[in-house]
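Notes for the one structure printed next.
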Amino acid sequence: MSTTIAQRPQLSGQPSDLVGARLPRWAPIAVGALAVALALGIRFALGWTGWGTAFFTAAALFVIILTGWSFSVEGVRRAKDRLASTLIYACFVAAVVPLVLILSYIAIRGIPAFSVDFFSHSMNGVTSRREGGGLYHALIGTLEIVAIAAVIALPIGIFTAIYLVEYGRGKFAKAVTFFVDVMTGVPSIVAGLFVYTFLLLGFGARPFGAAGAIALAILMVPVAVRSSEEMLKLVPRDLREASYALGVPKWRTILKVVLPTALSGLITSALLAVARVAGETAPLILLTGYASSINFNPFSGDQATLPMMVWDQLGKRSGTGTSDLTEARAWGAALTLVLLVLILNIVARLLARLAQPKTK
Amino acid sequence: MAKSIDVDNLNVYYGDFLAVEGASINIAPRTVTAFIGPSGCGKSTFLRTLNRMHEVIPGGRVEGKVLLDGEDLYGPGVDPVNVRRTVGMVFQKANPFPTMSIYDNVIAGYKIAGSRKNKREFDDIVERSLKGANLWEEVKSRLQRPGAGLSGGQQQRLCIARAIAVEPSVLLMDEPCSALDPISTLAIEDLISELKVNYTIVIVTHNMQQAARVSDRTAFFNLAGVGQPGRMIEYDETAKIFSNPTQKATEDYISGRFG
Ligand SMILES: Nc1ncnc2c1ncn2[C@@H]1O[C@H](COP(=O)(O)OP(=O)(O)O)[C@@H](O)[C@H]1O
Ligand SMILES: [Mg+2]
């Protein structure tokens with residue numbers, strides 16, 4: 001048996017109830033062009049000199065013309081829709097533009113400093129007027145200090161999160177959550193001051209790398225707890241119950257079911273917590289000092305870090321003069337720091353994808 | 001081996017809320033018992049007290065006795081982990097472990113619990129359990145594929161294979177077919193009839209034809225109103241419950257569904 005679907009006869013001149021009048025697809029582009037042209041015209045006519053006012057005039061004209069046109073053709077609901085969409089896109093652009101500007105500016109200023117020597121040499125004996133030198137010493141310091149901080153903070157963070165999600169009940173768990181929240185807001189200099197007082201002043205020690213790592217760890221713990229907690233909460237209750245119902249004790253359920261299921265998320269949260277503190281500067285001023293030569297030992301002697309190198313090269317640390325050379329090196333170090341964080345983020349995503357449960 | 005279950009006047013609580021009041025039941029080994037009744041009357045809650053899964057929920061507690069072959073599950077010193085080894089469970093929503101292959105899902109009860117066996121023994125267990133769950137033919141060529149890649153009905157049978165792999169004495173099933181198509185449902189009903197030879201089975205179902213088809217005895221649960229505790233109204237031979245119930249409420253419920 002064959003069926004044919006009856007086509008509703010299209011009577012000419014009698015529009016369907018379902019199809020309303022719409023602006024053509026090119027409407028936003030045309031209105032945009034018109035708004036820009038009008039704004040330019042006004043700029044010349046009134047003799048404005050800057051571009052800012054013209055830009056905002058164009059934006060305002062765009063919103064007004066598009067919404068008005070839409071209202072007259074499409075009706076009030078679509079006009080509202082156009083207005084809201086335009087505003088949302090504008091907010092998006094307002095949020096992204098500064099970010100892109102900052103990143104591209106850092107890249108433009110930083111890339112000229114990059115060379116093989118820049119990554120393989122320290123600043124040992126390089127004065128502000130001399131060429132050469134590099135960030136090797138600072139890169140070593142940052143990597144070591146951040147690694148030590150991660151080794152201290154991530155286990156504490158993840159175990160605390162496991163406690164809160166799997167075991168935490170009642171007052172104690174509430175108190176832990178509260179203090180974690182408070183710690184999230186602790187200014188980094190306060191963490192630095194704390195370690196400075198107890199470790200350096202308390203033991204009469206000179207600044208050294210690991211002292212900075214402890215302060216970074218203090219800053220990292222709450223971030224790690226919070227994000228790991230969210231990841232563990234995402235593991236469905238079902239899976240825990242399925243495991244209990246097989247006669248598996250709770251701790252083995254956590255170890256073999258909950259953690260593997262959440263692994264992908266836990267890796268992401270760990271690396272993001274690391275990225276979060278990699279550029280931290282304030283506590284390092286107090287705790288790790290700065291050395292222009294290479295110091296591999298984080299447990300003794302001043303150690304350079306990338307943020308501190310930026311500070312040093314801009315002459316703020318010693319109050320010495322700066323030059324194009326030192327400024328270029330500062331931007332180079334800043335760009336390296338940004339790239340480091342970027343790499344951490346990319347690695348986090350790749351690892352997370354690898355660790356994700358598969359269905360195929 | 002299959003064991004009997006005797007529950008005497010059990011009260012089940014969520015915190016202060018009494019969810020099931022005064023439930024008593026005697027279940028013989030190697031039988032299928034069906035729990036029926038409207039939503040929220042405490043069928044799942046009661047079922048979960050039979051392997052101490054109820055207390056996994058914060059605030060969950062019981063008063064009364066549950067005897068497994070005469071031994072009180074809630075007696076002093078009884079380890080809930082051992083109880084759950086003896087009384088297995090299949091859930092409403094199929095929940096294979098997403099990080100594990102089909103093979104590993106079946107032996108999850110051993111693997112996660114850390115019990116050591118060699119590859120041969122595991123191979124045997126996997127084959128036997130999957131055959132027991134009527135899934136072997138469909139998956140034998142892809143045992144190392146993820147369990148989450150199977151269809152809903154296959155996943156549920158994988159969960160049954162996982163539950164019987166640890167050789168429990170009793171199998172609890174909470175609406176195991178409610179998310180499945182009729183073909184998969186039939187496969188699982190057949191499976192229940194086969195498993196009955198070795199296990200004591202308790203199944204919650206909303207499908208009364210299913211209760212009539214698979215069970216030997218049926219318990220009807222009801223609740224007087226919202227916020228009231230659920231009660232077991234009637235418990236009898238399935239044939240009797242469906243043809244000639246003693247209680248008016250049972251008859252109303254059954255005829256309402258059938259009529
Ligand atoms: N986790 C829980 N916490 C508190 N109350 C619950 C929980 N689960 C179920 N209940 C309550 O217990 C009662 C019985 O629920 P349930 O056993 O799921 O019913 P059924 O399986 O018969 O539909 C309901 O009133 C329900 O609201
Ligand atoms: Mg239920």
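Sub-6 Å Cβ pairs linking a first residue in the stretch B:34-47 that is within 14 Å of chain A (Cβ to nearest Cβ) to a second residue that is open to solvent by less than 10 Å² (accessible area, probe 1.4 Å) and near ligand 2 (Cβ under 10 Å from one of its atoms), at least 6 apart or interchain, are B:47/B:204, ordered by first then second residue. Residues that are assigned to a helix (DSSP H, G or I) and more than 7 Å from chain B (Cβ to nearest Cβ) were ranked within the stretch A:234-252; the one that is farthest from the chain's Cα centre (by Cα) is A:250. The set of residues in the stretch A:49-68 being β-branched (Val, Ile, Thr) and open to solvent by 90 Å² or more (accessible area, probe 1.4 Å) consists of A:49, A:64.
Across the stretch B:129-183, the number of residues qualifying as of a type in the set (D, E, K, R) and within 16 Å of ligand 2 (Cβ to nearest atom) comes to 2. Scanning the stretch B:18-65 for residues that are more than 16 Å from ligand 2 (Cβ to nearest atom), of a type outside the set (Ser, Thr, Tyr) and in a strand (DSSP E or B) returns B:18, B:21, B:22, B:25, B:26, B:27, B:32, B:61, B:62, B:63, B:64, B:65. Residues in the stretch A:69-81 that are within 14 Å of residue A:30 (Cβ to Cβ) and open to solvent by 40 Å² or more (accessible area, probe 1.4 Å): A:69, A:73. Taking the stretch A:65-179 and the helices (runs of 4 or more DSSP H) fully enclosed by it, the elements with 2 or more residues that are polar (S, T, N, Q) and under 30 Å from residue A:287 (Cβ atoms) are at A:136-162. From the list B:62, B:7, the one residue that fits, being within 16 Å of ligand 1 (Cβ to nearest atom) and either open to solvent by 10 Å² or more (accessible area, probe 1.4 Å) or touching a Phe, Trp or Tyr at 6+ places or on another chain (Cβ under 6 Å) (or both), is B:62.
Restricting attention to the stretch B:83-96, does a residue exist that is on the phi < 0 side of the Ramachandran plot, within 16 Å of ligand 1 (Cβ to nearest atom) and part of a strand (DSSP E or B)? The answer is yes; a qualifying residue exists. Among the residues of the stretch A:321-331, the ones that are assigned to a loop (DSSP other than H, G, I, E, B) and either at pLDDT 75 or above or surrounded by 12 or more Cβ atoms within 10 Å (Cβ to Cβ) (or both) come to 2 in all. Where strands (runs of 3 or more DSSP E) fall entirely within the stretch B:133-229, those with at least 1 residues that are open to solvent by 30 Å² or more (accessible area, probe 1.4 Å) are at B:217-223.
The values are calculated or read from the model by the stated rules, or taken from the named source; none is laboratory data. Quick caveat: nothing in here was measured; it's all calculated off a predicted structure. Cβ atoms come from the backbone with ideal geometry, glycine included; neighbour counts cover every protein chain shown. Surface accessibility is based on the protein's heavy atoms, side chains included, excluding ligands, DNA and RNA. Shrake-Rupley method; radii C 1.70, N 1.55, O 1.52, S 1.80 Å.
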